[in-house]
Amino acid sequence: MRRGAPQDQELVGPGAPGRGSRSAPPPSGPVVPVLVLPLDLVFRADQRSGLRQLLTLYNPTGTALCFRVLCTAPAKYTVFEAEGYVKAQSCIDIVIRHVAPIPSHYDVRDRFRIELSEEGANGRVVGRKDITSVLRAPAHPLELQGQPNPVPPLGPPAGTAAPMARPFQETPRQQLATSSFLLFLLTGMVSVAFLLLPLQDEVGSQLPQVLHVSLGQKLVAAYVLGLLTVVFLRT
């Protein structure tokens, strides 16, 4: 491990974090894509619900896989279901809660790692993905600390003219380029079409067998559609 590189530490159970452990060596066999949503975690200190985030982990393969969650700062987080199993062609939700929303932790980037491995005590690691995490400072720190706001005067001092109200200027939101928007729209339509197609083992469908898709393909289409939704919500 290079000098200065953060060491991953495992989070165990819903209570206090466990002991640190070095990450497993890179997988030597086929690599399984780790499909997880969202791609980064943003906690907000000014919202009670903002201190809790949900990770959804997908398994598009045909076999069950073990998973575990590692973190570079385990004392700041509690992970429910920090390790377990995800069934074949299924998904599981992982709840992560920030337990130390103090000013010294504002805007500090931590890193989570999701590792997938084969079943068994000596299961080989077949996939991993890193996710960044950051705690945002409150938008109005004085109000959140319980300090009273200064009371504005009821009117201008005697002998002075009332100030003119300034026009309200709305900050334009960042817009997607036309070409990117059309590409995202086309990708979203293809993903929706995959979700509407019948499964391969579905009986009674009037569509030809070539248009039948597998459950894994539908999971990937749902994952892509979720990513596009995140992109549209942030623009």
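General remarks:
- Going through (1) open to solvent by 80 Å² or more (accessible area, probe 1.4 Å); (2) at pLDDT below 50 one by one, Gly18 falls short only on (1).
- Residues satisfying the stated conditions in the range 82-123, i.e. within 18 Å of Pro60 (Cα to Cα), surrounded by 13 or more Cβ atoms within 10 Å (Cβ to Cβ) and touching a Ser or Thr at 6+ places or on another chain (Cβ under 6 Å): Ala88, Cys91
- Checking each residue in the range 60-81 for being crowded, with 17+ Cβ neighbours inside 10 Å, modelled with pLDDT of 90 or more and of a type outside the set (D, E, K, R) picks out Leu65, Cys66, Phe67, Val69, Leu70, Cys71, Thr72, Ala73, Pro74, Tyr77, Thr78, Val79.
- Here Lys129 passes the criteria (1) open to solvent by 70 Å² or more (accessible area, probe 1.4 Å); (2) of a type in the set (Lys, Arg); (3) at pLDDT 75 or above except the one numbered (1).
- Residue under evaluation Pro141, criteria (1) modelled with pLDDT of 75 or more; (2) surrounded by 10 or more Cβ atoms within 10 Å (Cβ to Cβ), criterion not met: (1)
- Here Arg52 clears all of (1) surrounded by fewer than 18 Cβ atoms within 10 Å (Cβ to Cβ); (2) over 15 Å from the mean Cα position of the chain (by Cα); (3) touching a residue at least 40 places away in the same chain (Cβ under 8 Å) except the condition numbered (2).
The values are calculated or read from the model by the stated rules, or taken from the named source; none is laboratory data. Quick caveat: nothing in here was measured; it's all calculated off a predicted structure. Cβ sites come from the backbone with ideal geometry, for glycine too, and all protein chains shown count toward neighbours. Ligands, DNA and RNA are excluded from the accessible area calculation, which covers all protein heavy atoms including side chains. Shrake-Rupley method; radii C 1.70, N 1.55, O 1.52, S 1.80 Å.
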